[in-house]
Amino acid sequence: MLSSRWFSLLPVLAFPFASPANEWPTWRGPNGDGTLSAEADYPIEWSTEKGGLWKADLPAPGNSSAIVAKGKVFVTVAEQGGRVRSLLCFDAETGEQLWKRSVDYGKEDPTHKTNPFSAASPVADLETGTVFAWYGNAGLWAYDFDGEERWHRDLGTDYAHQWGANAASPVLFGETLIVHAGPGMAARLFAVNRVSGETIWRKELSSAESRDIDEFKGSWATPLIRRAGSEAEMLIGLPGKLTAFDPASGEERWQVGGLSDLCYSNVLVGDDLAVYLCGFGGPGIGVRLPEAGATGDLTDSHRLWADPPKGKNQNPQRIGSGQIVGDHLYLLNEPGVIQCLVTATGESVWRERLGRRSWSSMNHVGGRLYVNDSSATTFVIDPDPAGLKLIATNPLEPRLHTNASLAFADGRIFLRTDSALYALGD
């Protein structure tokens, strides 16, 4: 058994990169897309025998990922079958637990055994020093970085799905925090003031609702905010369509059809196009991104390709989000098979068995791809359309399990498993 500190005598390395390279304040990082610049310098090899900085035990499993802000690591957990939801804070350098704040929800919501409660990752607001935890029916909670509560909000108690609701992580935009709430018989978007918690706008997603909690329908996708000319727009995969909203008002701008009823991953955006890949054997679509001001149904004018459902084991189960690098998309599918696609056509260039099953999203950091499988083994890959170029394979301890994704800050890599939080480095 490892001690709570690994290799405590290893030197603490200094890294010269300024924020946001030193912060990972949201799920998928400072840009919301799992990327850091080509200049970002992070380790490519580690293990429990080499390069493990520290390990901190966690009281319960969860699918949420860690975030890092101002030298602190934050992660959510759900204990007692989801009756207690908690936000934990650790020192990023030492792994010491600094505080834990719990919400006594007192109920047990429906979910699946593979998706424990508190699946949404927390979000840190670096400007106001606030960290937000979204617990679905147990509310939205805001704390300062020392763990003092600033406010909490009830955004509805009618979210329910047989596979678990509220896996989408909140997103900061301007003075607001945007929450994708659902799926199930209730599906909504909210924007709340990040300082007061006051609702700025609320959008019912009636077309994304299911008839009952057992229907195979819903979106667990975290919104992605991008610039469209001088404006901002928010992209999200919803049942049946990739949809763009105005993040300032919640009004729908445009949509492109061709999706199935099950949307797990984030939209992926390249220079002038977007790709969305559905889960559960569902289709993928490529979209030419419209000019600012476009509205309405753009399926006929802007959809570049549509890959229809092909049945069991044809279109793979896709849960984690991939990366677009140049003209190609790289994705680790849930069965553990990595795939390279041409973004403009959807054509599959190559696919290779990489590891075990994976729900984790891929990051593009320092010019390399990082992704982990469910055994907490991390693969470092050189993105190359000519074929799989595996740089390193990094296992941790035996018999680990994780559905979380990696976080990168201050030259360290952080990985949450069902039982512990790890800091990794060389």
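The values are calculated or read from the model by the stated rules, or taken from the named source; none is laboratory data. Being a predicted model, the structure only gives us computed values, none of them experimental. Neighbour counts are summed over all protein chains in view; Cβ atoms, including those assigned to glycine, are modelled from backbone coordinates with ideal geometry. Ligands, DNA and RNA are stripped out before the accessible areas are found, and what is left, the full protein with its side chains, is counted by its heavy atoms. Shrake-Rupley method; radii C 1.70, N 1.55, O 1.52, S 1.80 Å.
Would you please put 37-44, 336-343, 277-284 in order of how densely packed they are, using the mean number of other Cβ atoms within 10 angstrom per residue and starting with the highest?
277-284, 336-343, 37-44
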The chain, helix-only ellipticity at 222 nm - DSSP H runs n ≥ 4, -39,500 (n - 2.57), divided by all residues, nearest 500: 0 deg cm²/dmol
Violating pairs (Cα-Cα greater than 18 angstrom) within the set Lys203/Lys241; Lys113/Lys203; Lys217/Lys241: Lys113/Lys203
Relative packing of 289-299, 224-234, 174-184, which averages over residues the other C-beta atoms within 10 Å, highest first: 174-184, 224-234, 289-299
Max mean-square fluctuation residue, GNM over the chain, Cα-Cα springs under 10 Å, options Ala66, Ala221, Ala248: Ala248
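To the nearest 20 debye, what is the magnitude of the charge dipole of the chain about its Cα centre, counting +1 on the Cβ of each Lys and Arg and -1 on the Cβ of each Asp and Glu?
I would put it at about 900 debye.
Leaving ligands, DNA and RNA out of it, report the carbon-plus-sulfur percent of the accessible area of the chain at a 1.4 Å probe.
47
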For the range 282-347, accessible area per residue (1.4 Å probe, heavy atoms of protein chains only), Å²: 43
Candidates per trypsin sites (Lys or Arg not before Pro) in the range 365-400, loop by DSSP, up to 14 other Cβ within 10 Å: Arg399
GNM result for the chain, Cα springs below 10 Å: residue of Ala306, Ala165, Ala376 fluctuating most strongly: Ala306
Amide hydrogen neighbours beyond the local backbone of Ile391, cut-off 5 Å, H modeled: Val380, Ile381, Asp382
Accessible area of the range 92-155 divided out per residue, in Å², using a probe of 1.4 angstrom: 44
